[in-house]
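A quick write-up on the structure given underneath.
The values are calculated or read from the model by the stated rules, or taken from the named source; none is laboratory data. This one's a predicted model, so the numbers in the text were calculated from it and none came from an experiment. Reconstructed Cβ throughout: ideal geometry from the backbone, glycine too, with neighbour counts over all protein chains shown.
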Amino acid sequence: MTGSDRSTQKPIRAGRSPAPFLKWAGGKNALLEQYQPFFPERAKTYYEPFVGGGAVFFHLRSRDFADRYCLSDINEELINVYRVVRDRVDDLITLLKRHQQEHNREYYYRIRAMDRQPGWPERDPVERAARMIYLNKTGYNGLWRVNSRGHFNVPMGRYRNPAILDEPRLRAASDALAGVEIAVKDFRAIAGEAGADDFVYFDPPYVPLSATSDFTGYHANGFGSEEQRALAEVYRRLSAKGCRVMLSNSDTPFVRELYAGFRIETVQARRAINSKASRRGLISEVVVLNY
């Protein structure tokens, strides 16, 4: 099954703790301990409209946090990966083994160029998912960035032995994703779906701290100030409906102005993606809560 509907949610098998299987700019794995006091005890439905690496989802899913889980993103390749991990993990592992065996510089750039070929979006979902994971594990800093035509354009990273295939992690993720609704969807759609007793976590592309710190080109359409304003309006609409809403973003005057009137907490995050190692340090981020 490749659609967003999959009704049977099964418990996670003992001994397998689900965790992100992709590197992702702005991934929240290192912030989960700081986020823990902010999470509600439970929710009817959990929504995450910018799923990214899924660290918050996997953390809450292991706690049996909600009766229903809905993950979405506008990035079609990313959503395809989640669906394939959910539905066809054995086939995915087979292809990743091949990528692992063939990996070298020439191979990397040949695989990278596949999205320039006619009919790429219609290729087999497993092939596309394996490509994304392979490029994610072998590209520079695990960055996922596309140009204005939607073509992946990250150079190969300098890894001696990249972990292209982590079979136990993929299988644990597959278990956690069973029964989860996964869809390509704009964040605005959530305003008409979530309701009282639901929990929505927004982790959008961050407002850049400077002109050179914007690493949000994971989709050809980008995510600028108008999208940030639209997101703040969706946040207010959800809050008015009785949803519990949590949002992460940069600690900037613009963000604080957008969410004035809501509870704003700060956490300390480590900036991992920067061309200069000296600029990879702790920075303040905000967590906006309506409860």
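Odds and ends about this structure:
- Scanning the range 133-152 for residues that are assigned to a helix (DSSP H, G or I) and either on the phi > 0 side of the Ramachandran plot or crowded, with 20+ Cβ neighbours inside 10 Å (or both) yields a total of 8.
- Filter pass, D87 being surrounded by fewer than 16 Cβ atoms within 10 Å (Cβ to Cβ) and closer than 30 Å to G195 by Cβ: no
- Filter pass, L96 being modelled with pLDDT under 95 and under 26 Å from R158 (Cβ atoms): no
- For the range 153-167, a tally of residues being over 20 Å from the mean Cα position of the chain (by Cα) and not in a loop (DSSP other than H, G, I, E, B) returns 1.
- Helices (runs of 4 or more DSSP H) (entirely within the range 30-97) containing at least 2 residues that are in contact (Cβ under 8 Å) with a residue 60 or more places away in the chain and within 19 Å of L135 (Cβ to Cβ): 76-87
To keep it simple, each residue is scored yes or no on (1) surrounded by fewer than 16 Cβ atoms within 10 Å (Cβ to Cβ); (2) out of contact with any helix residue (DSSP H, G or I) (no Cβ under 8 Å at 6 or more places or on another chain); (3) at pLDDT below 95; (4) farther than 19 Å from N80 by Cα.
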| position | (1), (2), (3), (4) |
| --- | --- |
| R169 | no, yes, no, no |
| A173 | no, no, no, no |
| L177 | no, no, no, no |
| F187 | no, no, no, no |
| P208 | yes, yes, yes, yes |
| G217 | no, yes, yes, no |
| R229 | yes, no, no, yes |
| E233 | yes, yes, no, yes |
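- Put simply, of K137, K185 the only residue that is more than 26 Å from Y69 (Cα to Cα) and touching a residue at least 60 places away in the same chain (Cβ under 8 Å) is K137.
- Hits in the range 99-117 - residues which are free of Cβ contacts under 8 Å to residues at least 12 places away in the same chain and either of a type in the set (K, R) or not assigned by TED's automatic domain parsing to the domain that holds N147 (or both): R110
- Among the candidates N161, N221, residue that is modelled with pLDDT under 95, of a type in the set (S, T, N, Q) and not assigned by TED's automatic domain parsing to the domain that holds F38: N161
- Of all the listed residues (S239, S213), the sole one being within 20 Å of R256 (Cα to Cα) and modelled with pLDDT under 95 is S213.
- Odd one out for A130 among (1) free of Cβ contacts under 8 Å to residues at least 60 places away in the same chain; (2) in a loop (DSSP other than H, G, I, E, B); (3) within 18 Å of the chain's Cα centre (by Cα): (2)
- Among the residues examined, A25 qualifies as in a loop (DSSP other than H, G, I, E, B), among the small types (G, A, S), surrounded by fewer than 22 Cβ atoms within 10 Å (Cβ to Cβ) and in contact (Cβ under 8 Å) with a residue 60 or more places away in the chain.
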